Amino acid sequence: MQDRPLDRINIALVGGEGFCKEVLEKIVEEYKRDMNAQIVAVAHPDPQSPGRILAEKLGLKTFDDYHELYDSLHAIDLITILTPNQSILDDVLATKPSRIRLLSYQTFSLFWGAMMDRAKEIETVLNGIEDNILVIAPDMTIMDVNEPFLKQMNYSREEVIGKKCHEVFQKINRICSNNIYCPLKEAIKTQSASQRILTRLDHEGKTRYIEVTIFPIWEKPGKILKFIEISRDVTQRKKEEEEITTRLEKMVEERTRELKETYAKLLHQDKMVSLGKLSASVVHEINNPNAGILNLILLMKRIISDDGFNQKNISKISQYLNLMETETRRISRIVSNLLTFSRQSKVDLEYLNANQLIEKTLLLNLNLLKINNVRVEKKLATDLPEIYGSEDQLLQVFMNIISNAVEAVAPKGSGRLTIETRKKPENDSIVVLFSDTGIGITDANIPNLFEPFFTTKKKSKGVGLGLSVVYGIIEDYHGSIHVSSKVGEGTTFTIEFPLKF
């Protein structure tokens, strides 16, 4: 849409015969100078018609089809019909956009006659325009209105003329306070036209949305002669906009709910993928102490069967029972941590020690680390403060990072995983670093690591959810995670957790 001053009305003429030429000859410059309006276009099917020829000489836009005037690119505010052809008027009424106002041939003829002989009143013209028009004195007294205003707001002329605008529009007997926008004050302040959508009360006291444009008429610099108000009722449009907004808000709420549910499912799905990997490893870890316990039981039964109870045998049996207790408790810890990791529960927040969570995760992955020849080096700060969070979520973060580190080391046959924790006093946070000596990550893949379903593993090894879930959990904690890596040398994940979030 072309730019133009706010107080300038763009007018298009439909009909290019002699009447059009007469209008253009007499009032093009006068419209620009005295009436805050300009004729910008003429539409007529005959390019050789006198009106179109003159319009082109004046530099106006010309069209064969008046429907082209509806394009918002031309910024037409008012279409004036200069042909008595009733079918054209009917068609324009039926097809024009609501933002474009219309002046009929009959109405404009009256306007033209009044303007030519300077004798007729302008009231007929005002009443022929679809918009509401008011003339307001500097003291905010309503001097004149057109019929569309009276009809739309359900007033009689006597109920409006001579009344203050705030008495009619706001139903108050005082000048509007500062918390009520006054377009008249704004027009004086800016010394130009003001435009805004306001709420006003009609005759029955119902609130209506009115698009108001105020044109100040200056008697001399610094002195207002009167205000011309042109307004239109946009209540229906505002209601439709509000309905659309309400529908959109509901759609956003529904979409947000769906995304939260999807995220929860992804979180659990990733956990189950990790749990599947753990199961094979944990089975071996449990079978070893379980086989030892079974052997000790058989040994004790043989001792009792062969020698019976004596002081020497009781001492051995007691020693065996202590070993069985140790192995049983070890199995219990492994199973307990595995159940903790696998459960799908609500997020319970509590104060947690990151070192203890790392130890739990390492216990679960003990056999996985062994069979892949990954040596763990721990540099855990002894004075590490507790962080406020969910044990379930933090275990899942550490589980994913450690599991990925093992998989990165595996192709090399052996390697090292260094886990370091430390306090960061300047940020009131703690830092956890996981550094492996694995195959590393290419620079091209690092930006995509945390995207859902991005993976460089074989299909049987994962679906690319792990690091995406890790990123989501850390972001929920208002923390951060950074990756540095060199191909062939290894990778370091640096996680920072605020002590509170």
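Go over the candidates LEU54, LEU24, LEU13 one by one and state the one that is among the hydrophobic types (A, V, I, L, M, F, W, C) and at pLDDT below 90. Step by step, each of LEU54, LEU24, LEU13 is checked, and only LEU24 is among the hydrophobic types (A, V, I, L, M, F, W, C) and at pLDDT below 90.
Working carefully through the options THR437, THR418, THR442, find the one that is in contact (Cβ under 8 Å) with a residue 40 or more places away in the chain, more than 19 Å from GLY479 (Cβ to Cβ) and surrounded by fewer than 17 Cβ atoms within 10 Å (Cβ to Cβ).
The unique qualifying residue is THR442.
Taken over segment 477-500, the residue count meeting the criterion of being in a strand (DSSP E or B) and closer than 19 Å to SER390 by Cβ is 6.
Can you tell me which residues in segment 56-100 are hydroxyl-bearing (Ser, Thr, Tyr) and farther than 24 Å from TRP112 by Cα? Of everything in segment 56-100, those that are hydroxyl-bearing (Ser, Thr, Tyr) and farther than 24 Å from TRP112 by Cα turn out to be TYR70, SER72, THR95, SER98.
Might you check whether a residue that is over 40 Å from the mean Cα position of the chain (by Cα), surrounded by 13 or more Cβ atoms within 10 Å (Cβ to Cβ) and among the charged types (D, E, K, R) occurs anywhere in segment 68-91? Yes, there is a match, as at least one residue in segment 68-91 is over 40 Å from the mean Cα position of the chain (by Cα), surrounded by 13 or more Cβ atoms within 10 Å (Cβ to Cβ) and among the charged types (D, E, K, R).
Checking segment 408-417 against the condition returns a match, with at least one residue being basic (Lys, Arg) and in contact with a strand residue (DSSP E or B) (Cβ under 6 Å, 6 or more places away or on another chain).
Taken over segment 58-99, the residue count meeting the criterion of being in contact with a Phe, Trp or Tyr (Cβ under 7 Å, 6 or more places away or on another chain) and either part of a loop (DSSP other than H, G, I, E, B) or assigned by TED's automatic domain parsing to the domain that holds GLU211 (or both) is 5.
The values are calculated or read from the model by the stated rules, or taken from the named source; none is laboratory data. Remember, predicted model here, so these are calculated numbers, not experimental data. Neighbour counts are summed over all protein chains in view; Cβ atoms, including those assigned to glycine, are modelled from backbone coordinates with ideal geometry.
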